[in-house]
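Take a look at the structure below.
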Amino acid sequence: MKEIGHWINGKHVAGTSGRFADVFNPAIGEVQARVALASPEELNAATTDAARAQVKWGATNPQRRARVIMKFVDLLNRDMDKLAEALSSEHGKTIPDAKGDIQRGLEVMEFCIGAPHLLKGEFTDSAGPGIDMYSMRQPIGVAAGITPFNFPAMIPMWKMGPALACGNAFILKPSERAPSVPLMLAELMQEAGLPDGVLQVINGDKTAVDAILDNPEIAGVGFVGSTPIAEYIYGRGCANGKRVQCFGGAKNHMIIMPDADLDQAADALIGAGYGAAGERCMAISVAVPVGDETADRLIEKLIPRIEKLKVGPYTAGNDVDYGPVVTAAAKANILKLVESGIAQGAKLVVDGRNFNLQGYEDGFFVGPHLFDHVTTEMDIYRKEIFGPVLSTVRAKSYEEAIGYAMDHEYGNGIALYTRDGDTARDFANRINVGMIGINVPIPVPLAYHTFGGWKKSSFGDLNQHGPDAFRFYTRTKTITSRWPSGIKEGASLNFRQMD
Ligand code: NAD
């Protein structure tokens with residue numbers, strides 16, 4: 001059985017805790033490797049080495065650091081096929097989707113090449129007599145990132161790119177369900193010239209996470225995953241005096257106005273609802289058509305599109321629209337929620353429960369589901385299903401539709417389909433959700449903007465990537481200096497004014 005360990009001080013290192021987790025190939029439902037789960041001692045030793053390595057890396061000029069990242073981007077492009085294959089085999093997503101996962105991480109790395117510019121401080125000449133005032137951004141030291149299974153390439157890069165570009169050392173604790181790609185990224189970073197110890201990849205579970213949260217050498221923690229864990233990490237990390245940002249779960253709505261182009265909206269719902277088997281934090285899982293006529297026409301357009309979806313293993317190439325979900329437990333949870341929807345009175349218009357793929361009977365495949373007449377108290381509406389299940393909640397008016405989204409506990413992303421500019425503008429202004437799409441189904445901001453939800457989808461002040469990431473991974477220092485030093489003003493006990 002293949003054993004996956006850690007990446008410490010520039011080398012693959014076997015785990016010493018004696019604890020392991022199974023890593024599946026979800027398409028065939030078989031264990032393909034086991035991954036080591038780090039002990040607190042392993043995590044702490046790797047952190048001490050990282051703190052030592054950070055001193056030199058933090059003092060390396062930002063342009064040199066950016067060059068390492070530039071080279072890494074080249075290597076990522078060189079190895080794209082190999083990375084996508086490894087990613088799909090552990091996650092289950094199709095190869096084109098895996099390449100999209102890598103590409104959206106790569107774009108953040110490209111943004112990080114701008115570190116010399118992004119790290120420039122501010123300067124005020126002659127703020128007072130002989131006085132100049134300036135600020136500088138300095139690395140926080142050692143930062144850690146705890147990442148989910150559903151984007152095994154993109155999210156580790158969203159974390160490590162800005163952290164490293166800012167001169168920090170970085171401890172990456174990837175998902176134990178998809179650990180191979182993060183280790184491959186670390187190898188490429190070394191090949192690109194990153195000094196040993198600056199990036200450590202420590203595999204593990206709650207034990208490793210708790211060790212991160214309690215380690216005094218770690219100054220900042222970035223987390224992406226489900227909301228209960230996000231809340232836990234935010235609370236414990238902050239209580240330990242760390243800078244923490246946590247991004248949690250989602251229940252993204254798409255509101256379809258009567259004037260919308262319904263073919264465009266239906267196509268968008270198919271991609272955003274069923275792509276990656278619904279295992280995206282920006283997936284649309286709730287369709288809110290406004291008016292019964294819009295709802296009836298939308299459902300009519302969705303059914304044939306859903307029935308045409310091809311579900312299968314990533315090895316089938318372009319013949320597949322989406323693959324299996326990540327584990328048998330994830331599949332069981334999705335099917336349990338589908339049953340709850342039926343029991344609570346929703347109408348199952350497309351039933352994917354009995355989906356079966358010849359030759360892949362043990363794979364974790366879930367057929368596509370479409371519910372109509374879902375109401376807001378049902379579990380399928382309140383909970384994140386994280387599977388290929390789209391719920392339709394009918395609204396009588398625009399106000400009722402946005403009210404549903406505003407009242408939902410999650411606020412990651414949302415989309416509106418309309419041809420009316422007034423409605424679109426009002427929507428963008430009033431909605432209490434972090435990322436908005438107007439006639440765009442999955443409004444994931446590009447690398448140079450920032451990514452983050454509202455309400456229970458995000459904890460902390462700053463977003464991921466873009467300029468916010470450079471704020472999160474640096475501390476600001478403001479210097480007031482007077483030259484020549486010999487100016488004599490006499491002693492004053494008053495609070496000094498610059499005039
Ligand atoms: P998860 O919360 O189960 O795991 C995320 C990370 O936390 C993993 O590294 C895992 O090892 C660790 N972890 C798990 N249980 C823990 C515990 N009890 N204590 C400490 N650490 C623990 O999430 P997942 O299933 O890997 O990912 C799917 C979730 O991530 C979904 O809810 C999805 O919406 C969310 N997500 C959010 C965003 C975003 O930007 N908001 C992006 C991607 C995924």
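Residue-by-condition table, conditions (1) within 15 Å of the ligand (Cβ to nearest atom); (2) open to solvent by less than 10 Å² (accessible area, probe 1.4 Å):
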{"site": "ALA330", "(1), (2)": "yes, no"}
{"site": "GLU339", "(1), (2)": "no, no"}
{"site": "VAL393", "(1), (2)": "no, yes"}
{"site": "TYR404", "(1), (2)": "no, no"}
All but one of (1) in a helix (DSSP H, G or I); (2) crowded, with 24+ Cβ neighbours inside 10 Å; (3) within 15 Å of the ligand (Cβ to nearest atom) hold for LEU183, so report the exception by its number. (2)
Only listed residue being within 11 Å of the ligand (Cβ to nearest atom) and assigned to a loop (DSSP other than H, G, I, E, B), chosen from PHE149, PHE223: PHE149
Considering segment 1-56 alone, what residues qualify as being more than 30 Å from THR315 (Cβ to Cβ) and of a type in the set (Lys, Arg)? LYS11, ARG19, ARG52, LYS56
Just name the residue that is farthest from the chain's Cα centre (by Cα) out of those in segment 450-499 that are open to solvent by 90 Å² or more (accessible area, probe 1.4 Å), at pLDDT below 95 and of a type in the set (Lys, Arg). LYS488
When you scan segment 283-300, do you find a residue that is open to solvent by less than 40 Å² (accessible area, probe 1.4 Å), farther than 17 Å from TYR417 by Cβ and either in contact with a Phe, Trp or Tyr (Cβ under 8 Å, 6 or more places away or on another chain) or in the same structural domain as GLU409 (by TED's automatic domain parsing) (or both), even just one? no
Of the residues PRO195, PRO162, PRO228, only one is outside any strand (DSSP E or B), away from the ligand (no atom under 14 Å from the Cβ) and open to solvent by 10 Å² or more (accessible area, probe 1.4 Å); which? PRO195
Subset of segment 234-267 that is in a helix (DSSP H, G or I) and open to solvent by less than 10 Å² (accessible area, probe 1.4 Å) - its residue that is nearest to ALA405 (Cα to Cα): ALA265
For TYR274, the lone unmet condition from (1) away from the ligand (no atom under 14 Å from the Cβ); (2) outside any helix (DSSP H, G or I); (3) in contact with a Phe, Trp or Tyr (Cβ under 8 Å, 6 or more places away or on another chain) is (2)
Show me the strands (runs of 3 or more DSSP E) found entirely inside segment 1-79 where at least 1 residues are under 26 Å from the mean Cα position of the chain (by Cα) and surrounded by 18 or more Cβ atoms within 10 Å (Cβ to Cβ). 2-4, 6-8, 20-25, 30-36
Only one of SER126, SER89, SER135 that is open to solvent by 10 Å² or more (accessible area, probe 1.4 Å), away from the ligand (no atom under 12 Å from the Cβ) and either in the same structural domain as THR315 (by TED's automatic domain parsing) or closer than 25 Å to LYS206 by Cα (or both): SER89
Identify all residues within segment 165-180 that are outside any loop (DSSP other than H, G, I, E, B) and charged (D, E, K, R); write none if there are none. LYS173
Single residue of segment 234-261 satisfying the filter (under 21 Å from VAL224 (Cβ atoms) and aliphatic (A, V, I, L, M)) that is nearest to the ligand (Cβ to nearest atom): ALA250
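Okay, residues lined up against (1) on the phi > 0 side of the Ramachandran plot; (2) touching a residue at least 40 places away in the same chain (Cβ under 8 Å); (3) assigned by TED's automatic domain parsing to the domain that holds GLU300:
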{"position": "SER391", "(1), (2), (3)": "no, yes, yes"}
{"position": "GLY403", "(1), (2), (3)": "no, no, yes"}
{"position": "GLY413", "(1), (2), (3)": "no, yes, yes"}
{"position": "GLY421", "(1), (2), (3)": "no, no, yes"}
{"position": "ASN429", "(1), (2), (3)": "no, no, yes"}
{"position": "GLY434", "(1), (2), (3)": "no, no, yes"}
{"position": "LEU446", "(1), (2), (3)": "no, yes, no"}
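The values are calculated or read from the model by the stated rules, or taken from the named source; none is laboratory data. Given the structure is predicted, the values throughout are model-derived calculations rather than measurements. With ideal geometry, Cβ positions are generated from the backbone for all residues, glycine too; neighbour counts draw on all protein chains shown. In case anyone asks, the SASA skips ligands and DNA or RNA and just uses the protein heavy atoms, side chains included. Shrake-Rupley method; radii C 1.70, N 1.55, O 1.52, S 1.80 Å.
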